[in-house]
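Below is one structure, written out as structure tokens; comments come after it.
The values are calculated or read from the model by the stated rules, or taken from the named source; none is laboratory data. These numbers were taken from a predicted model, which means no experiment stands behind them. Cβ coordinates were reconstructed from backbone atoms using ideal geometry, including for glycine residues, and neighbour counts include every protein chain displayed.
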Amino acid sequence: MSAPRVLSARRPWKDRRIVLGVTGGIAAYKCVQLARDLTRLGARVDVVLTDAATRFVAPLSFEGVTGSPPLMDLFSSRGAALHIHLAREADAVVVAPATADFLARAAHGRADDLLTTLLLATRAPVLLAPAMNDAMFSHPQTSRNLDHLEHVLGHRIAGPATGPLAHGEGEGPGRMVEPDELVERVGRVLGEDPLFEGKTVLVTAGPTRERLDPVRYLGNRSSGRMGYALAAAAWRRGAEVLLVSGPGTAPPPVGPELVSVETAREMRDAVCERAGEAHLLIFAAAVADFRPSLSRESKVKRRSVSRGIEVELTPNPDVATESRPFRRDDAVSVGFALETENLLDEARRKLEEKGFDMIVANDAAEEGAGFDVETNRVTFMTPSGEARELPLLGKDEVAEEILDHLSDMASERWTGRS
Ligand code: CTP
């Protein structure tokens, strides 16, 4: 069984106000988890339920996870002023699930309950997660409503996903996208940064595996977490993200385009092919420096090597260095240096040799840093000689700090040339 996800308050959800509208579909029960996760990430979540939503899930469930009672009634003295107040204060409005009926009312600008009224009154970005029967979803009127909501009113649409629908309805497009994905999509609404919009970020992540025979490989303990956190953070800021990843054990993030590779040479090929698209390249992969000179065709049998086996190793290509000729002139590049001794000297050497604009150094021997942990303690170094040491932080926070630290340099380099 996998360990439960531990969420704590962090950017871009922390201290933001989110209105979560829930309408009357079976997926409403999943939105208790959505409200809980957004609250754990530090957002203040105001839940607004339609009448029909209360038939599927009890208001008390939402109060239990957000700490405040959901709002339902337009026609109360509290409700009348409230929709204007909430609409003004919200940093984002999310409607999940958004039923066919709700989409029709929203597309026509109706204001016949608290949620639609609030939607007319707000100028915050709106994210809608449609969920309905597949026949209702494919009806031309629903398509028109969605088209209008997206292209005329500028609302963002998440899904629907394809898969099993409500009991007895079979499978098809119409499932609400899962709460985990919605949390990230809300993050992209809240995290948008003009510097990253329209930009492409390429991130390498995870370990590589170098084959010894069809069942064995040489590898390392990298989980991919640090690179995945960077890819997710750049995506939330509004970039298109290419994530070139070896077989890490952490779940890959929602949003970035995943290019899965296994060996260092495959990673080099994938990065060189796509490097020309990238405004920012972040080399967070733990690439195996060597591979067995001989990759055997069939499994090495224990009997045949009872006296041991010698494995000759050949150096692998350096992905960061080999991608340099393929990059844009205005590309910014960031490397990592994971060391067990002479941390800063080694990091400076790699910064210079590999021509990075910044290197993130960390000590593999230090508690809470390095492979296979949720946290990291890093020092940033740039060619000017500047070094900045950060305290022990979650890898998601480290990723945000790296992007912040790069922002001035990147904005200077990208200005007027995109
Ligand atoms: N790197 C790479 N391709 C490799 C090895 C490393 O792109 N074959 C990148 C890493 O992703 C990282 C940086 O280069 O951003 C430094 O990696 P590291 O493994 O610390 O350094 P090495 O070059 O392998 O040097 P050493 O073995 O001396 O530590």
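Can you run down the residue pairs with Cβ atoms below 8 Å, 6 or more apart or on separate chains, where the first is in segment 341-363 and outside the structural domain of GLY394 (by TED's automatic domain parsing) and the partner is among the small types (Gly, Ala, Ser)?
none
Please enumerate the residues belonging to segment 329-360 that are within 23 Å of ASN220 (Cα to Cα), outside any helix (DSSP H, G or I) and either within 8 Å of the ligand (Cβ to nearest atom) or modelled with pLDDT of 95 or more (or both).
VAL334, GLY335, PHE336, ALA337, LEU338, GLU339, LYS354, ILE359, VAL360
Can you pull out the residues in segment 311-320 that are more than 7 Å from the ligand (Cβ to nearest atom) and not acidic (Asp, Glu)?
Within segment 311-320, VAL311, LEU313, THR314, PRO315 qualify.
Among the candidates VAL203, VAL177, which residue alone is surrounded by 18 or more Cβ atoms within 10 Å (Cβ to Cβ), in a loop (DSSP other than H, G, I, E, B) and in contact (Cβ under 8 Å) with a residue 12 or more places away in the chain?
Exactly one residue qualifies, and that residue is VAL177.
Just to be sure, is ALA234 touching a residue at least 60 places away in the same chain (Cβ under 8 Å), within 12 Å of the ligand (Cβ to nearest atom) and closer than 30 Å to PRO179 by Cα?
No; evaluated as a whole, the condition is false for this residue.
Mind listing just one residue for me: the one in segment 6-39 that is hydroxyl-bearing (Ser, Thr, Tyr) and over 26 Å from GLY238 (Cα atoms) and, of those, surrounded by the fewest Cβ atoms within 10 Å (Cβ to Cβ)?
Selected residue: TYR29.
Pairs under 9 Å by beta carbon, first residue over 30 Å from TRP414 (Cα atoms) in segment 281-293, partner within 6 Å of the ligand (Cβ to nearest atom) and of a type in the set (D, E, K, R), six or more apart or different chains?
ASP289/ASP318
Looking at segment 211-248, which of its residues are over 15 Å from GLU374 (Cα atoms) and either assigned to a strand (DSSP E or B) or of a type in the set (Ser, Thr, Tyr) (or both)?
Answer for segment 211-248, where residues must be over 15 Å from GLU374 (Cα atoms) and either assigned to a strand (DSSP E or B) or of a type in the set (Ser, Thr, Tyr) (or both): ARG211, LEU212, ASP213, ARG216, TYR217, LEU218, GLU240, VAL241, LEU242, LEU243, VAL244, SER245.
Taking segment 255-277, which residues are more than 16 Å from the ligand (Cβ to nearest atom) and in contact (Cβ under 8 Å) with a residue 24 or more places away in the chain?
Answer for segment 255-277, where residues must be more than 16 Å from the ligand (Cβ to nearest atom) and in contact (Cβ under 8 Å) with a residue 24 or more places away in the chain: GLY255, PRO256, GLY276, GLU277.
Quickly run through segment 375-418 and pick out the residues that are charged (D, E, K, R) and not in a strand (DSSP E or B).
The answer is ARG377, GLU386, LYS395, ASP396, GLU397, GLU400, GLU401, ASP404, ASP408, GLU412, ARG413, ARG417.
Pick from VAL271, VAL305: which is exposed (fewer than 14 other Cβ atoms within 10 Å of the Cβ) and either outside the structural domain of LEU403 (by TED's automatic domain parsing) or of a type in the set (A, V, I, L, M) (or both)?
It is VAL305.
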